[in-house]
Amino acid sequence: MSYPMKLSPTTVQTVWGGTKLMGKWNKRTDGENIAESWELSCHEKGESKVINGEYGNCSLADVVAQNPEFLGTKGNAFDFFPILIKLIDSKDDLSIQVHPSDEYALEREGEYGKTEMWYIVDCDEGSGVYCGFKEPIDKDTLKKALNDGSITDHLNFIRVKKGDCLFIPAGTVHAICGGLLICEVQQNSSITYRLYDYNRVGKDGKLRELHIDKALDVTDTSKVVKVNENCEKLDENTLRLAKCKYFTVEELSVKEEYAFEVDGSSFVSLTVIDGQGAVMANGSCISMDLGDTVFLPANVGKVDIYGNLKAIKAYC
């Protein structure tokens, strides 16, 4: 049966994680923080589960494996579930890092690479991100800056505000800084190469691992990223944030009522980032509160949303 499926996430603790998601965002953990909440995930390191209806308590990975029609024609064109969606709470700065392309990652890691986008759900005043370099840099200079700790002098720091988004292709050096709550949509991959980590230690008391040689192999030293450079207003309710061969991401704003069609080409994911409401499709209706993520199978047909809310809509 095809119906709207509310998902339960996997949560992750880190040395830089905060506590915002443990409050009104209603995420659960036995630990001290929630750095990441993997909202829509079929990745073996953190799968989301369906919590309602016929497939209640089943992993999303098992559900789509048993029902490939739920992925749609575009979804089935991939030999892996294409998208991973996270909510990220950064109390402190994340490591300076880079992700490889598919070609490099498949050859070296046996996994796909990672292109991603960030939507700023909330932020402290003055907070921002590092994305790319202030100006093109050669790799010898980059390696020297990593060794002497001056790497941030070369990086492009971007102050952000609520509602901003950034598209980050594989090969772009980047870092989420402290004070941000972000919705991240990315390729279904966990490969990260750390260039620099402020000499921090992990829970084991040891310096966290760096991957400098691999990172230098894949870094685009001329990449420039701008805020909101790919945004396009599609209709009164919909702002397209990013579009690439792996995913399309939109900001969906609903006041009282809105409807759209899931046409069979792709599943659709909705993550509520403000307000609350309900979603109805194929005779099934479920509530949507702040922080909820709903998976809509590709063959679910017409979708009606009621309430006052803002959601991140993603599909392939």
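Semi-axis lengths, largest first, of the ellipsoid equivalent to segment 143-276 are 34, 16, 16 Å, with √(5λ) applied to each eigenvalue of the Cα gyration tensor.
Across the options ASN228, TYR246, ASN33, the greatest Cα extent toward the positive end of the charge dipole of the chain (unit charges at beta carbon of Lys, Arg, Asp, Glu) belongs to ASN33. Backbone geometry of segment 270-282 corresponds, through the Karplus equation with coefficients 6.51, -1.76 and 1.60 at θ = phi - 60°, to 3J(HN,Hα) couplings of 10, 10, 6, 10, 6, x, 7, x, 8, 10, 10, 7, 6 Hz, x marking Gly and Pro. Only Lys, Arg, Asp and Glu carry charge here, each on its Cβ (+1 for the first two, -1 for the last two); on that basis the chain has a dipole of about 400 debye about its Cα centre.
Other residues with beta-carbon under 9 Å from the beta-carbon of VAL121 carry, at +1 per Lys or Arg and -1 per Asp or Glu, a net charge of -1. Each part gets one Cα centre, and for segment 86-128 versus segment 243-316 those centres are 24 Å apart. Projecting the Cα positions of LEU84, THR141, ALA311 onto the charge dipole of the chain (unit charges on Cβ atoms of Lys, Arg, Asp and Glu, taken about the Cα centre) puts THR141 furthest along the positive direction. With Cα atoms defining each centre, segment 44-83 and segment 20-36 are spaced 24 Å apart in the structure.
Write down Rg/Rh for segment 232-315, rounded to two decimals, with Rg from the C-alpha atoms and Rh from the Kirkwood relation over Cα pairs. Rg/Rh for segment 232-315 comes to 0.93.
Each peptide in 241-249, 76-84 receives the mean, over its residues, of other Cβ atoms within 10 Å, and ordering these scores from highest gives 241-249, 76-84.
In the chain, helical runs assigned H by DSSP with n ≥ 4 each contribute -39500 (n - 2.57); averaged across all residues and rounded to the nearest 500, the mean residue ellipticity at 222 nm is -3000 deg cm²/dmol.
If you take the Cα atoms of the chain, find Rg, then find the Kirkwood Rh from the mean of 1/r over all pairs, what is Rg/Rh? Could you put the intermediate results ahead of the total?
Details: Rg = 19.3 Å, Rh = 20.0 Å.
So for the chain, dividing Rg by the Kirkwood Rh gives 0.96.
Considering only TYR196, TYR55, GLY171, the residue lying farthest towards the positive end of the dipole of the chain is TYR196, judged by Cα position with unit charges set on Cβ.
The numbers here are math on the coordinates, done by the rules we state, and not lab data. Just so you know, these numbers come straight off a predicted model, no measurement behind them. Cβ: placed from backbone, ideal geometry, glycine included. Neighbour counts: every protein chain shown.
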